[in-house]
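Enquirer: Starting off with a structure, shown below.
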Amino acid sequence: MTTSKQLLSTLRAFHLENPEATWPELRDHLRFIAEDVLATPTEWELLDTQGIVYSDIRDELHTIARTAALTPPQAKAVEMGRRIMHAAERKLQGHPKGLADLIDEIDQQGQPDRLTLASPSLSVSPPQAIPAVVQEAKPLSWEDLADSYMAEHSVNVKVSTLGALRTQHTVIGRAFEAVGVSDLSKHKREDLIAVRSNLLESREPSTVNNLIATLTTVLKWAEANDLIKKAYTTKLKLTKGTTSKREGFTESQVAKAMNHANGLPTTSWQRWGLSLLAITGARVGEIAQLTKEDIKQVDGCWCIDINENGPGKSLKNRYSARLVPLTDGAFGFDLTSFLEAVKAGALPSDNGVNAMNASRYLGVLLKKALGEDRLETQSLHSLRHSMAARLQSKGTPLTFAQAILGHASGSISYDTYGKNGLPIKVLAEVLSEAFGIVSPKDDESTARG
């Protein structure tokens, strides 16, 4: 099992580091955690930050569940801990009942089995009195349905996708709650249309379609497993206004953002995270999982090696694995300072920053850097759009642009652009030209490490 500081901290917090711990001991500690979360106030300004903490702990418990050797009591404690952290996130959204229900459930588990202590008269009571209770079906909430779906499918979902999927499930759950649908086993077509309308109140059609795709996946799974009678999702997606309105940044905007980043300390992971996004066009998740070993020199060119070689690493698709040259001097990027910072531990991964947190914090940094110059349709991902537009404006051959950005192509692969030295030099030249630099810097003095 991985021994990262975060996982060790989580193991200790939930008393999971002791394989001799009994279920009653672990259960009592879990109850204390749930009660403490419920009773602890959170300042308004810190709601998002505290939510990230709970989400990260839940992800760490998921990792423990997948990788650790667990005793039966530990296994039960891990699952209950994940449920508590999910309920803690819901509490920050204004729904504390989930935590209260879990505390009641834990208390009931601590009591003797009621059926065992039932009186003889109850055991011989008229049989018609019992079915009336048994037949009382519990409402099937979206939260229960989504949790069941995740419990079955999380092992097949990439770790980097889990956080985003849980967020989508939460957003959909709020919409169901807003339109008053509490039992999915009885839902109708008009209920889903109402949910779609609710989602559209504050989101672009393209975003709503992504949420509907997730909703459809869960409901179709529920239908296939007889949890609901029918999933009324046919042609639920929107067909108008679904084109993404996201825009790339102008050259002056990128220069302004990089000027701000270059002013940060060389030990700052935010400085290098934002810089790498701007000069490579990589996705934020790809930058977040880079390690020291992924900063390498190939045929005299310093590159970032975007790969899945390592625990927790995940890429969008097979075309995403690639080498992207680092262009010294691009918007003031200092390669020598970067290499020294890498050795000193200034990458996001060295600071325990995952893709979700990197996206959040770098997004805030970008907004601060651009101020009023940033449009509502521009986001952190717009840096990637800017790179694509920059390459296109320079007449870069499509295959080279795809190799740099990691786009799907039938003629480009990681093998072609990862192990053959000449193409790497060509890509370096392409990027140098795109950034207005005469030729790629091939200074042997930087060839350290």
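FYI, it's all coordinate maths here, none of it is from the lab. All values derive from a computational prediction rather than experimental measurement. As a convention, Cβ positions derive from the backbone with ideal geometry for all residues, glycine included, and neighbour counts pool all protein chains shown.
Enquirer: Normalised by the residues of region 247-396, what does the relative contact order come to in percent, with Cα pairs under 8 Å and at least six apart?
Expert: Numbers: 205 pairs, mean separation 57.0, N = 150.
So the answer I get is 38 percent.
Enquirer: While we're looking at this one, here's another question. State the Cα centre-to-centre distance between region 36-105 and region 208-240 in whole Å.
Expert: Spelled out, the Cα-based centre of one part sits 27 Å from the other.
Enquirer: Work out from phi, with θ = phi - 60° and the Karplus expression 6.51 cos²θ - 1.76 cosθ + 1.60, the ³J(HN,Hα) of each residue of region 374-382, listed in order in whole Hz, and give x for Gly and Pro.
Expert: Ordered by residue, 3J(HN,Hα) equals 8, 8, 5, 8, 10, 9, 4, 5, 5 Hz.
Enquirer: Is the C-alpha gyration tensor of region 211-346 telling us rounded, prolate or oblate? Criteria: a/c under 1.5 is rounded; beyond that, a/b larger than b/c is prolate, otherwise oblate. Display every interim value, and only then the final one.
Expert: On the way: a/c = 3.07, a/b = 1.97, b/c = 1.56.
Prolate shape, in that a/c is at least 1.5 and a/b is the bigger ratio.
Enquirer: Also: Residue by residue, what Karplus-based ³J(HN,Hα) values in Hz, rounded to whole numbers, does region 349-361 have, using 6.51, -1.76 and 1.60 with θ = phi - 60° and x for Gly and Pro?
Expert: Ordered by residue, 3J(HN,Hα) equals 5, 5, 10, x, 9, 8, 4, 5, 5, 4, 4, 5, 6 Hz.
Enquirer: Please report the spacing between the Cα centers of region 251-309 and region 315-371 in Å, no decimals.
Expert: So the two Cα centres are separated by 3 Å.
Enquirer: Return the subset of 313/343; 97/240; 316/394 for which the Cα-Cα distance in this structure is over 29 Å, preserving the input order. Could the numbers behind the result be given before it?
Expert: Working: 313/343 20 Å; 97/240 39 Å; 316/394 27 Å.
Checking Cα-Cα distances, 97/240 exceed 29 Å.
Enquirer: Just to check I understand the Karplus step: with θ = phi - 60° and J = 6.51 cos²θ - 1.76 cosθ + 1.60, what whole-Hz values come out for region 182-194, glycine and proline as x?
Expert: Working through the residues one at a time gives 10, 10, 5, 5, 10, 5, 10, 4, 5, 5, 5, 5, 5 Hz.
Enquirer: Follow-up. Of the GluC sites (Glu not before Pro) in region 316-410, which ones lie in a loop per DSSP and count no more than 12 other C-beta atoms within 10 Å? Can you show the working numbers first?
Expert: Numbers: sites: 340, 372, 376; in loops: 376.
Hits after loop and neighbour filter: 376.
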